[in-house]
Amino acid sequence: MTATTVYTTIDSPLGELLLVGEESATANGGIALASLSLPEQKGGAVVLDGWRHDPVAFEEIGRQLTAYFDGSLTHFDIEYVDGGTEFQRRVWAALEEIPYGATATYADIASRVGTSRVGVRAVGTAIGRNPLLVVRPCHRVIGSDGALRGYAAGVERKERLLGLEGAPAS
């Protein structure tokens with residue numbers, strides 16, 4: 001059975017979020033999130049011909065995002081579409097291990113996925129290709145010197161997300 005691509009937009013404190021998912025991509029025939037992107041995001045999704053606008057399909061994801069932005073949710077329970085390379089999936093899994101309100105460095109992530117310090121650039125590239133901003137917390141990764149670096153939707157949004165979570169940010 002072929003999955004149908006659906007999308008909607010949701011207002012947030014960061015701007016309008018574009019959510020893209022696949023119906024029937026989950027065990028229960030529900031929706032699996034394929035992309036969450038922000039306005040002016042580098043490499044963000046764009047609505048394509050053939051996609052169906054379906055706000056109802058994203059009600060639970062929207063509820064969780066609203067709870068996150070109002071500070072009452074610290075962990076998402078959302079099914080994702082599998083994507084990316086094996087290396088990217090390892091890096092993205094490491095992102096999901098960073099607790100709410102905490103940060104990790106690019107070197108920390110490289111160590112967690114078994115990459116040498118030389119591989120930190122590859123880790124940064126994989127993080128930059130994360131299609132699920134906010135829900136897969138790439139905003140929690142900072143430079144070794146504590147500086148905020150490289151967020152596809154802009155460093156100012158990264159700073160806002162870390163502030164929302166009460167995480168240390170320079």
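In the set 94, 102, 32, 67, which member is touching a Phe, Trp or Tyr at 6+ places or on another chain (Cβ under 9 Å) and on the phi < 0 side of the Ramachandran plot?
32
Exactly one of these conditions fails for residue 119: (1) outside any loop (DSSP other than H, G, I, E, B); (2) closer than 30 Å to residue 10 by Cα. Give me its number.
Status for residue 119: all satisfied but (2).
Where the second residue is among the hydroxyl-bearing types (Ser, Thr, Tyr) and the first is under 13 Å from residue 136 (Cα atoms) and lies in segment 83-106, which pairs have Cβ atoms under 7 Å and are six or more apart or on separate chains?
Matching pairs, first to second residue: 100/74.
Within the set of pairs 6+ apart or on separate chains, which have a first residue in segment 118-141 that is in contact (Cβ under 8 Å) with a residue 12 or more places away in the chain and closer than 24 Å to residue 32 by Cβ, a second that is open to solvent by 40 Å² or more (accessible area, probe 1.4 Å) and hydroxyl-bearing (Ser, Thr, Tyr), and C-beta atoms under 6 Å apart?
Hits for this filter: 140/103.
Of the numbered conditions (1) open to solvent by less than 30 Å² (accessible area, probe 1.4 Å); (2) at pLDDT below 95, residue 92 satisfies every one except a single condition; which is it?
Exception for residue 92: condition (2).
If the Cβ limit is 8 Å and pairs must be 6+ apart or interchain, which residue in segment 145-164 that is within 19 Å of residue 44 (Cβ to Cβ) pairs with which residue that is of a type in the set (Phe, Trp, Tyr)?
149/106; 157/151; 158/151
Being in contact with a strand residue (DSSP E or B) (Cβ under 8 Å, 6 or more places away or on another chain) and of a type outside the set (Val, Ile, Thr) narrows it down to one of 77, 54, so name that one. Break it down stepwise before answering.
Working: 77 fails: in contact with a strand residue (DSSP E or B) (Cβ under 8 Å, 6 or more places away or on another chain).
Being in contact with a strand residue (DSSP E or B) (Cβ under 8 Å, 6 or more places away or on another chain) and of a type outside the set (Val, Ile, Thr) holds for just one of 77, 54, which is 54.
Got a sec? Which of 124, 150 is modelled with pLDDT under 95, in contact with a Gly (Cβ under 8 Å, 6 or more places away or on another chain) and outside any loop (DSSP other than H, G, I, E, B)?
The conditions single out 124.
Out of all the residues in segment 127-136, which are of a type in the set (D, E, K, R) and either open to solvent by 20 Å² or more (accessible area, probe 1.4 Å) or part of a helix (DSSP H, G or I) (or both)?
Once the filter is applied, which keeps residues that are of a type in the set (D, E, K, R) and either open to solvent by 20 Å² or more (accessible area, probe 1.4 Å) or part of a helix (DSSP H, G or I) (or both), segment 127-136 yields only 129.
Every residue, every condition in (1) acidic (Asp, Glu); (2) open to solvent by 40 Å² or more (accessible area, probe 1.4 Å); (3) in contact with a Cys (Cβ under 7 Å, 6 or more places away or on another chain), yes or no:
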residue	(1), (2), (3)
50	no, yes, no
54	yes, no, no
57	no, no, no
60	yes, yes, no
63	no, yes, no
67	no, no, no
70	yes, yes, no
74	no, yes, no
79	yes, yes, no
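Taking only pairs six or more apart or across chains, which ones have beta-carbon atoms under 9 Å, a first residue in segment 11-22 that is of a type in the set (Ser, Thr, Tyr), and a second residue that is open to solvent by 60 Å² or more (accessible area, probe 1.4 Å)?
Taking only residues 6 or more apart or on different chains, the pairs are 12/66.
How many residues does segment 137-147 hold that are crowded, with 19+ Cβ neighbours inside 10 Å and either part of a strand (DSSP E or B) or touching a Ser or Thr at 6+ places or on another chain (Cβ under 6 Å) (or both)?
Count: 3.
Report yes if residue 110 is under 12 Å from the mean Cα position of the chain (by Cα), of a type in the set (A, V, I, L, M, F, W, C) and crowded, with 19+ Cβ neighbours inside 10 Å, otherwise no.
no
The values are calculated or read from the model by the stated rules, or taken from the named source; none is laboratory data. Just so you know, these numbers come straight off a predicted model, no measurement behind them. So basically every Cβ, Gly included, is an ideal-geometry build from the backbone, and we count neighbours across all protein chains shown. For accessibility, only protein heavy atoms count, side chains too; no ligands or nucleic acids. Shrake-Rupley method; radii C 1.70, N 1.55, O 1.52, S 1.80 Å.
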